[in-house]
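Here you go, one structure.
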Amino acid sequence: MGEMTRIEKGANLGAVVVPFIATLAAIVLLWNSLVTPTDLAIAAVMYLLTAVGITVGFHRLLTHRSFQTAKPTEYVFAILGSMAVQGPAISWVADHRKHHAHTDEEGDPHSPHVGVDGGTRGVFAGLWHAHTGWLMSTQGRADWKRYAPDLYEDRGMRFISRHFVALVYFSLAIPALAGFLLTGTLLGALTGLLWGGLVRVFFVHHITWSVNSVCHFLGSRRFDTDDRSTNVFWLALPSLGESWHHNHHAFPRSAVHGLKRWEPDPSALIISALEKVGLARNVIRISPERQAERAR
């Protein structure tokens with residue numbers, strides 16, 4: 001695909017700036033106690049739903065096919081992931097598969113190590129690109145037909161991706177409606193929109209982007225991989241297990257990223273729960289023997 005258009009860059013910039021400004025406003029309201037448990041509950045529920053849409057849906061199911069499920073369930077995860085406001089499902093998957101095909105090398109959409117000079121300035125430039133800068137240059141540029149042909153050929157998935165903007169509005173309307181129904185006031189609708197909509201988008205965005213930046217720069221490694229991916233323990237819970245990123249790069253198709261008992265992985269627990277109730281099958285897990293072999 002060609003370079004990003006001005007409209008695409010403007011839309012991505014807005015998706016970064018507007019939630020940031022809203023979060024600053026929310027901090028002021030929080031400081032002045034102008035927030036209720038209802039607002040925080042709406043934000044928490046929306047965070048979990050849309051973050052799971054990314055971690056379990058876009059990432060482990062659609063990108064890596066770490067488990068299988070029925071088409072309706074697949075579409076539900078694609079809708080939830082779209083509501084995280086990180087781009088259409090097919091575009092997200094294509095970008096991430098391209099990341100794995102060229103990890104930390106030329107062609108990686110968001111590596112902090114490609115195309116930067118050494119020194120302190122180069123470090124910050126690389127981290128900025130991996131975290132946010134790539135949204136203005138390489139996001140959505142991966143060829144859908146090359147990197148996501150299975151999704152591109154799926155009519156339902158194309159429909160969901162084509163209606164991404166509508167799903168973004170839907171993801172903002174739901175917390176506003178919840179705030180109104182739970183409080184019966186317009187103010188409740190507005191604070192529901194603020195916390196469950198814009199603030200939630202801010203946190204889901206930056207936790208996800210931290211996996212692109214921090215988890216290719218700081219952290220621990222124990223497997224023999226050709227990239228610079230790392231495990232970052234303090235991001236594990238907010239990222240729902242995605243920050244065991246080095247483990248993931250060692251075994252990309254594994255449904256479980258937290259490979260040790262002390263590596264919490266909420267997304268893997270969700271997949272296990274789906275498996276127990278019959279909504280997930282053929283869940284891919286890595287045996288301790290195979291892990292030991294890769295570690296050597």
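Here, each number is a calculation from the coordinates, and none is a lab measurement. Nothing here was measured: the structure is a model prediction, and the numbers come from that model. No Cβ is skipped: glycine too gets one built from the backbone with ideal geometry, and neighbour counts run over all protein chains shown.
Determine the relative contact order of the range 144-296: mean sequence separation of Cα pairs under 8 Å and six or more apart, normalised by residue count, in whole percent.
RCO, the range 144-296: 13 percent.
What residue among Y47, V123, I207 has its Cα farthest toward the positive end of the dipole of the range 6-219, where the charges are +1 on Lys, Arg and -1 on Asp, Glu, each on the Cβ?
Final value for the positive-end residue is Y47.
Based on DSSP H assignment, which helices of the chain show an axial Cα extent of at least 30 Å together with a mean Kyte-Doolittle hydropathy greater than or equal to 0.5?
Helix filter hits for the chain: 6-31.
What ranking of L30, L274 emerges when the number of other C-beta atoms within 10 Å of each C-beta is taken as an exposure proxy, fewest first?
By the 10 Å Cβ count, ascending, the order reads L30, L274.
Using a 10 angstrom cutoff on alpha carbons, build the Gaussian network for the chain and name the most mobile of G196, G119, G156.
Of G196, G119, G156, the most mobile in the Gaussian network model is G119.
If we count other beta carbons within 10 Å of each Cβ, what is the order of E263, E106, fewest first? Walk me through the numbers before you get to the answer.
On the way: E263 17, E106 8.
Ascending Cβ contact count within 10 Å gives the list E106, E263.
Could you state, as a whole-number percent, how many of the C-alpha pairs of the chain are farther apart than 23 Å? Write out the running numbers ahead of the final one.
Working: 24553 of 43660 pairs.
Tail of P(r) above 23 Å: 56 percent of Cα pairs.
Give the aspartates and glutamates reachable from K9 as a straight Cα distance under 20 Å; neighbours fewer than 8 places away on the same chain don't count.
Counting by Cα, and skipping residues close in sequence, K9 has these aspartates and glutamates nearby: D95, D108, D143.
To continue, here is another question. For K98, which lysines qualify as cross-link partners when the Cα separation must be under 16 Å and same-chain residues fewer than eight apart are set aside?
Excluding near neighbours in sequence, the set is K145.
Over the Cα atoms of the range 105-172, what is the Rg over Rh ratio if Rh follows Kirkwood?
1.13
Using only the alpha carbons of the range 37-185, determine the length spanned along each of the three principal axes and report them from longest to shortest in whole angstroms.
Projected onto its principal axes, the Cα set of the range 37-185 covers 56, 39, 25 Å.
Continuing with this model, one more query. Over the range 225-296, calculate the relative contact order: mean separation of alpha carbon pairs under 8 Å at least 6 apart, over the residue count, as a percent.
25
Could you work out the relative contact order of the range 89-135? I mean the mean sequence separation of Cα pairs under 8 Å and 6+ apart, divided by the number of residues, in percent.
On the way: 45 pairs, mean separation 11.8, N = 47.
Relative contact order comes out at 25 percent.
Percentage of Cα-Cα pair distances in the range 181-290 greater than 19 Å, rounded to whole percent? Show your work: numbers first, answer last.
Values: 3274 of 5995 pairs.
Beyond 19 Å sits 55 percent of the P(r) for the range 181-290.
On to the next question. Just rank H249, H163, fewest to most, by other beta-carbon atoms within 10 angstrom.
Going from least to most buried by this count: H163, H249.
Right, something else. Between K145 and E289, what is 0.36 nm times their sequence separation minus the Cα-Cα distance? Round to one decimal in nm. Numbers along the way, then the final one.
Values: separation 144, 0.36 × 144 = 51.84 nm, distance 3.62 nm.
48.2 nm is the gain from fully extending K145 to E289.
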